[in-house]
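Report on the following structure.
The values are calculated or read from the model by the stated rules, or taken from the named source; none is laboratory data. Bear in mind the structure is a predicted one, so any value in this text is a computation, not a measurement. Here Cβ is always computed from backbone atoms with ideal geometry, including for glycine, and neighbour counts include all displayed protein chains.
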Amino acid sequence: MNRQGGNMESFTYHDAGQIAYAGALEMQTQAFNSLLEEKANGRQGVNKLFFCEHQPVFTLGKNAAGSNLLVSEKMLQQQGIALYHTNRGGDITFHGPGQITGYPVFDLEYWEMGLKQYVYVLEEIMIRFLDLYGIAAGRLKGATGVWIEPHTGRDRKICAIGLKSSRYVTMHGFALNINTRLTHYTYINPCGFTDKGVTSLEKETGVVQDIECCKKQLLMLFREAFPFACHPKDTTLS
């Protein structure tokens with residue numbers, strides 16, 4: 001039987017709805033630490049995938065340049081936008097309503113997957129999701145994430161990716177703009193870039209999207225990309 005509920009799925013899914021960044025960080029940190037503890041004891045823990053929408057917040061990765069925040073913290077407070085320094089990779093980005101923020105807390109060794117392959121798979125999920133809406137998206141060399149019209153001079157980012165990992169256990173994840181209020185990005189140099197744009201599914205299609213439908217489509221793609229696997233180290237399977 002599969003340790004993760006007997007449903008032959010490799011991870012459990014949790015929709016956290018709209019949540020403050022601090023609450024989501026605590027939620028995924030607990031899952032991250034639990035996976036690491038189980039792994040240290042030679043057991044396969046529970047991989048978890050969290051989707052949520054954040055209340056407006058800017059997050060800075062551990063390598064972020066403070067100069068990429070273009071307004072004062074006082075102005076952010078006046079606008080009701082929080083600011084957090086985080087332990088993920090990458091620079092500064094925005095999270096808010098209308099954006100699907102995803103936190104896969106995964107033990108990549110369950111799928112015998114390395115970190116570079118993992119990032120590639122996350123990007124591929126987003127590319128396939130956008131293809132469902134007739135949008136051709138791709139990768140931009142030297143810039144993690146998913147882009148519309150990459151390498152054309154009209155590059156615009158629709159999905160940011162930033163991660164933390166320890167012993168191949170991951171936390172943090174992706175931010176996919178669906179109906180995101182893009183004016184917030186004018187307060188920053190998104191992901192440290194000064195010469196590239198940011199976009200959303202709504203902007204690209206000209207239609208406000210059903211975010212719950214988008215979550216279901218993304219979940220389906222995650223299940224395809226991270227299938228149940230009889231990992232040789234998983235002693236809980238019979």
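Just one of 64, 31, 16 is at pLDDT below 90 and under 22 Å from the mean Cα position of the chain (by Cα); which is it? Going through 64, 31, 16 in turn, the sole match is 64. Considering the stretch 164-173, and only residues there that are crowded, with 21+ Cβ neighbours inside 10 Å and not small (Gly, Ala, Ser), the residue that is farthest from residue 44 (Cα to Cα) turns out to be 172. Against the condition closer than 18 Å to residue 184 by Cα and in a helix (DSSP H, G or I), how does residue 76 come out, does it pass? Judged against the criteria, residue 76 is a match.
Considering the stretch 174-198, the residues that are surrounded by 20 or more Cβ atoms within 10 Å (Cβ to Cβ) and either at positive phi or assigned to a loop (DSSP other than H, G, I, E, B) (or both) include one that is modelled with the lowest pLDDT, namely 191. Kindly establish whether residue 152 is assigned to a helix (DSSP H, G or I) and more than 19 Å from the chain's Cα centre (by Cα). Judged against the criteria, residue 152 is not a match.
A single entry from 46, 71 fulfils the requirement of being of a type in the set (A, V, I, L, M), surrounded by fewer than 22 Cβ atoms within 10 Å (Cβ to Cβ) and modelled with pLDDT of 95 or more: 46. Condition test on residue 33, is it farther than 25 Å from residue 178 by Cβ and either touching a residue at least 40 places away in the same chain (Cβ under 8 Å) or loosely packed, with under 12 Cβ neighbours inside 10 Å (or both)? Against the criterion (farther than 25 Å from residue 178 by Cβ and either touching a residue at least 40 places away in the same chain (Cβ under 8 Å) or loosely packed, with under 12 Cβ neighbours inside 10 Å (or both)), residue 33 does not qualify.
Yes or no, residue by residue, for (1) closer than 25 Å to residue 60 by Cβ; (2) touching a Lys or Arg at 6+ places or on another chain (Cβ under 7 Å):
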{"site": "127", "(1), (2)": "no, no"}
{"site": "131", "(1), (2)": "no, no"}
{"site": "139", "(1), (2)": "yes, no"}
{"site": "148", "(1), (2)": "yes, yes"}
{"site": "152", "(1), (2)": "no, no"}
